[in-house]
Structures are given as C-alpha cells and as structure tokens.
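*Asks:* The following block contains the structure, expressed as structure tokens.
The values are calculated or read from the model by the stated rules, or taken from the named source; none is laboratory data. Everything quoted here is computed from the prediction, not taken from an experiment. Every residue, glycine among them, receives a Cβ derived from its backbone with ideal geometry; neighbour counts consider all protein chains shown. The accessibility values were calculated without ligands, DNA or RNA, using every heavy atom of the protein model including side chains. Shrake-Rupley method; radii C 1.70, N 1.55, O 1.52, S 1.80 Å.
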Amino acid sequence: MAFDIRKIRDDFPILHQDVNGKPLVYLDNAATTQKPLQVIDAEAAVYKTINSNIHRGVHHLSNVCTEAFEEVRKKTADYINAESSDEVIFTRGTTESVNLLSSSFGETFLKEGDEIILTEMEHHSNIVPWQLLAQRRGVTVKVVPVTDAGELDMQGFSELLNEKTSLVAVTHISNVLGTINPVEEIIALSHTAGVPVMIDGAQAIHHVPVDVQKLDCDFYAFSGHKMYAPTGVGVLYGKRKWLQQMNPYQGGGEMIDKVSFSGTTFNDLPYKFEAGTPNYAGVIGLGAAIDYLRNMGLEDVWAYEHELFEYALKKMSAVPGIRFVGQARHHTSVISFLLGDAHPFDVGTLLDKLGFALRTGHHCAQPLMDRFRISGTVRASFAFYNTREEVDNLVEALKRVAMMLG
Ligand code: PMP
C-alpha cells in the first residue's frame, strides 16, 4: 500500500485511547471522521495568531484572516474543480446547504404543480427541506424506488422524469448502504429533460474524486466534518447561472451591497449567500483537511478503503446469523448489517463495552428502513486509518455478541 498506516494513525491522537478498558476501534466514520493534528493545529493557529473578523477590517489581522479564508475558497473550488471560486458558498454543513437550496432555488424557480424527484435512500436532510418547501409552494415530491440490492431503480427514475419535474436531488453515496449511485447517468438523463440536479455529496467528497464540471451537476453539497475537517463548516457548490438568479437565503451583514429603509441591494456571489460572520476558523481547518487528503491522494485512499471493505465483508460473512442490508455493485466502505433477531441497539451497546464505536438505528434514513421493513441496522463505516487488525477484532467481538444475544 502506498501509505504508512502507523504514521497516519499518529496524526489522529483521538484513536490512541482505551474505551471501557479496551483499545478504541472507531468505525463510525460515516457519522463523522476524526481530525488529524494538521487540521486541529490549523484551526487552533487561527485563534492563536490571526483571529479577527473577516472582510470588514482595515487592520492587519483582519486582512490576514480574510486572505486565509478566501484562500480556502479557492482551494475548495480547485478540489471539486469548480469553474470559479465564486461558485463555492460556505455553509454550516450539508443540511444547511440543502436548506439554502430548497429555500432560495425553491422560492426563485418553483411554482405550484412542479415536481421534485428524490430517492428512497436519501438522508432526512435531503428530504425534509423539500417537504417543507412542498408545503409552502404546492410542489410535489416524487421518490425513486430502491431495489433489494440497495441500488436505485433507474427505470423507475426515468419514468418519474417529466415536463413538471423542476429539480432532481439525489445522494451521491448512501450513508446507510454505501451504494455509489450512477450520478453521471442521472445528471445526463435529467439534463436531457431540461431539469437541474443537486447532488448530496456528504458521503462522497472524501472517498471518491469529485469533479463538478465533469459531472455537470448544477449543485453539489457536502460537510467538512465528514472529510476530516472541523465541524460546523460545509459547502454548497452551484453553477453561477443558477446562483446569480437565486434569491438570497438569510439576510444580514456581508450579504448586502447597500441597505436603506427604502430598499436593500445584495452583494455579489458568493457573499450574497453568506450572511453574518462565518465560521472562518473552521473554514481554515477545512483547507488543512483538503491539503491532508491531497497529500494522501484520493486514489490511494480509495484503493486502501476498498480493499479493507472487501476484507471486512468477507470476514464478517463468517459471523453466525449476520445479514447484510444492501449488496450494491458499486460500494464505499460502509457495511450495514443485522445479527439474527437481535435489536441493533443491543448489538451496538455490547460492542461499545468491547471498545468498538459503531452506529445503530435508522441513520436518519427512515424511508429506507421502511423500504427494507426494518427499524434500523448496525453500521460499520471505515476510514483510511482503520486496519485489518481492527476488522479481525471486530469479527471476534461480533461472534461473541452473536453468542450472547443468540
Ligand atoms: N446527507 C448524507 C448522505 C449524510 O450522510 C449526512 C450526515 N449523516 C447528511 C446529509 C447531513 O450532514 P450534516 O449533518 O453534516 O449536515
């Protein structure tokens, strides 16, 4: 393998601790990833050396801090290959990015009778904002079914696309099943029908190279905390042609051009969508996370994680009574499973006693749970700092848990 796993793990101090008297094995990376020292130090350095409110000061610190913040905008644009850094809007995370879009795009472009296409495997944050918009605007939400294998029913998708469709909003990768959706095909089909597409990239941005120009998506949303960056920072990428026309989201400082009680005019892109003081320290941390991922090389990250996933799937298949939920052909390093009739919460609680951090429950995807007629799953999600040894230990622990609950 191209990278030295021991050296990498040294970058993540949190991994070196005991939990319940056992060495921590952190397998909840789809919920949030741990942060390398490089990111922690970059954020701390802001407060130690350049902290100052950005964009408004004439003084030195404000200028340096503004420059560092705007550098990350360029770095982010480069990371996703946006045509221009004006198309990168900083938000609090994917959830806020989707809410921004549903509010601004929805109120600018959608009218009663229009349809929005989502899928059965969306995270609640790519469902509920659209439902709220549907209530406000008389818009209808249509849903692409998921197959038994945990893939999108593309025939079903094509059948839903019609002249009333105004937007398609779909996840790049499922946070529950790990399924990598054929977003290129979805975008191409939608564009042929004249429909713009938003991709929820929360589970993709740190696993697969994302090139928004090649994808030709109209919008792409993601969170910093899933990509080894600080929490409280996210991005909405949007094609300039849409962003320019869209109404602002929140009102406040920074997003304006001129304010008076007879009328207010708005700032240029991207500031029109960034009201108030942003989380500049977090954004600068995001820049360090991008550097970190780039240094590792996403191709190598993908190769390592994929190999670990294949290894884990094979090893875990030997656990008595295990049942995997979703068996998609294209997959990231996420494994959702059930152990016999045991409740996922009981499995997770026993694993926690043994030092393993896994997520249990509906994973903010209740419609997908309904689709599989289950109340939840146990989910192991791997990052590049996980090892085969951790997988082996997990399998042993699962065998013990299966015996206890069997
Ligand atoms: N979409 C997907 C696919 C996710 O996995 C998540 C986080 N679990 C979100 C959206 C929401 O992200 P956040 O909570 O960071 O806003």
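*Asks:* If a residue has to be of a type in the set (D, E, K, R) and either closer than 16 Å to Tyr304 by Cα or at pLDDT below 95 (or both) to count, how many in region 9-36 make the cut?
*Replies:* 1
*Asks:* Please verify whether region 352-362 includes one or more residues that are touching a residue at least 40 places away in the same chain (Cβ under 8 Å), of a type in the set (Asp, Glu) and surrounded by 19 or more Cβ atoms within 10 Å (Cβ to Cβ).
*Replies:* no
*Asks:* I've got another one for you. Starting from residues that are in a strand (DSSP E or B) and within 11 Å of the ligand (Cβ to nearest atom), keep the ones in region 197-223 and report whichever is surrounded by the most Cβ atoms within 10 Å (Cβ to Cβ).
*Replies:* Selected residue: Ala221.
*Asks:* Any idea which of Thr179, Thr231, Thr192 is open to solvent by 10 Å² or more (accessible area, probe 1.4 Å), out of contact with any helix residue (DSSP H, G or I) (no Cβ under 9 Å at 6 or more places or on another chain) and among the hydroxyl-bearing types (Ser, Thr, Tyr)?
*Replies:* Going through Thr179, Thr231, Thr192 in turn, the sole match is Thr192.
*Asks:* Given the criteria open to solvent by less than 30 Å² (accessible area, probe 1.4 Å) and either part of a helix (DSSP H, G or I) or more than 16 Å from the ligand (Cβ to nearest atom) (or both), does Leu338 qualify?
*Replies:* Spelling it out, Leu338 is indeed open to solvent by less than 30 Å² (accessible area, probe 1.4 Å) and either part of a helix (DSSP H, G or I) or more than 16 Å from the ligand (Cβ to nearest atom) (or both).
*Asks:* Would you check which residues across region 79-92 are within 13 Å of the ligand (Cβ to nearest atom), in a loop (DSSP other than H, G, I, E, B) and not charged (D, E, K, R) and list them?
*Replies:* Residues satisfying the conditions do not exist here.
*Asks:* Confirm whether Thr360 is out of contact with any Lys or Arg (no Cβ under 8 Å at 6 or more places or on another chain) and within 16 Å of the ligand (Cβ to nearest atom).
*Replies:* No; evaluated as a whole, the condition is false for this residue.
*Asks:* Turning to a different aspect of this structure: Being modelled with pLDDT under 95, more than 17 Å from the chain's Cα centre (by Cα) and either away from the ligand (no atom under 16 Å from the Cβ) or in the same structural domain as Glu305 (by TED's automatic domain parsing) (or both) narrows it down to one of Arg6, Arg73, so name that one.
*Replies:* None of the others qualify; the one that does is Arg6.
*Asks:* Now for a separate question. Out of curiosity, is His343 open to solvent by 10 Å² or more (accessible area, probe 1.4 Å), away from the ligand (no atom under 16 Å from the Cβ) and either closer than 26 Å to Asp300 by Cα or free of Cβ contacts under 8 Å to residues at least 40 places away in the same chain (or both)?
*Replies:* Judged against the criteria, His343 is a match.
*Asks:* Could you please tell me which pairs satisfy a Cβ distance under 8 Å, a separation of 6+ or placement on different chains, a first residue in region 93-120 that is under 16 Å from Val235 (Cβ atoms) and within 16 Å of the ligand (Cβ to nearest atom), and a second residue that is open to solvent by 20 Å² or more (accessible area, probe 1.4 Å) and among the β-branched types (Val, Ile, Thr)?
*Replies:* Once the first residue is under 16 Å from Val235 (Cβ atoms) and within 16 Å of the ligand (Cβ to nearest atom) and sits in region 93-120, its partners that are open to solvent by 20 Å² or more (accessible area, probe 1.4 Å) and among the β-branched types (Val, Ile, Thr) give Gly93/Thr231.
*Asks:* Across region 126-138, which residue is farthest from Glu107 (Cα to Cα) among those that are open to solvent by 40 Å² or more (accessible area, probe 1.4 Å) and within 16 Å of the ligand (Cβ to nearest atom)?
*Replies:* Val128
*Asks:* Can you pull out every residue in region 332-357 that is farther than 18 Å from Phe372 by Cα and of a type outside the set (D, E, K, R)?
*Replies:* Listed by number, the residues that qualify are Thr332, Ser333, Val347, Gly348, Thr349, Leu350, Leu351, Leu354, Gly355, Phe356, Ala357.
*Asks:* Can I ask one more? Which pairs turn up if I take residues in region 11-34 that are closer than 21 Å to Ala204 by Cα and part of a strand (DSSP E or B) and look for partners that are at pLDDT 95 or above and of a type in the set (A, V, I, L, M, F, W, C) with beta carbon separation below 7 Å, at least 6 apart in sequence or on another chain?
*Replies:* If the second residue must be at pLDDT 95 or above and of a type in the set (A, V, I, L, M, F, W, C), the pairs left are Tyr26/Leu15; Tyr26/Ala357; Asp28/Ala357; Asp28/Leu358.
*Asks:* Condition (residue is in contact with a strand residue (DSSP E or B) (Cβ under 7 Å, 6 or more places away or on another chain) and part of a loop (DSSP other than H, G, I, E, B)) applied to region 388-406: is it met by at least one residue?
*Replies:* Taking every residue of region 388-406 in turn, none turns out to be in contact with a strand residue (DSSP E or B) (Cβ under 7 Å, 6 or more places away or on another chain) and part of a loop (DSSP other than H, G, I, E, B).
*Asks:* Right, something else. What's the total number of residues in region 166-176 that are open to solvent by 10 Å² or more (accessible area, probe 1.4 Å), more than 14 Å from the ligand (Cβ to nearest atom) and touching a Ser or Thr at 6+ places or on another chain (Cβ under 9 Å)?
*Replies:* The total comes to 0.
*Asks:* Working carefully through the options Lys241, Lys272, Lys226, find the one that is in a helix (DSSP H, G or I) and within 15 Å of the ligand (Cβ to nearest atom).
*Replies:* Lys226
*Asks:* Hey, can you tell me all the residues within region 160-176 that are assigned to a loop (DSSP other than H, G, I, E, B) and farther than 24 Å from His362 by Cβ?
*Replies:* Leu161, Asn162, Glu163, Lys164
*Asks:* Could you check Val141 against (1) of a type in the set (A, V, I, L, M, F, W, C); (2) open to solvent by less than 10 Å² (accessible area, probe 1.4 Å); (3) not in a helix (DSSP H, G or I) and say which number it fails?
*Replies:* (2)
*Asks:* Let me ask something else about it. Quick check on my filter: what residues within region 93-121 are assigned to a loop (DSSP other than H, G, I, E, B) and either under 26 Å from Met154 (Cα atoms) or under 16 Å from the mean Cα position of the chain (by Cα) (or both)?
*Replies:* Correct list: Gly93, Leu110, Gly113, Asp114, Glu120, Met121.
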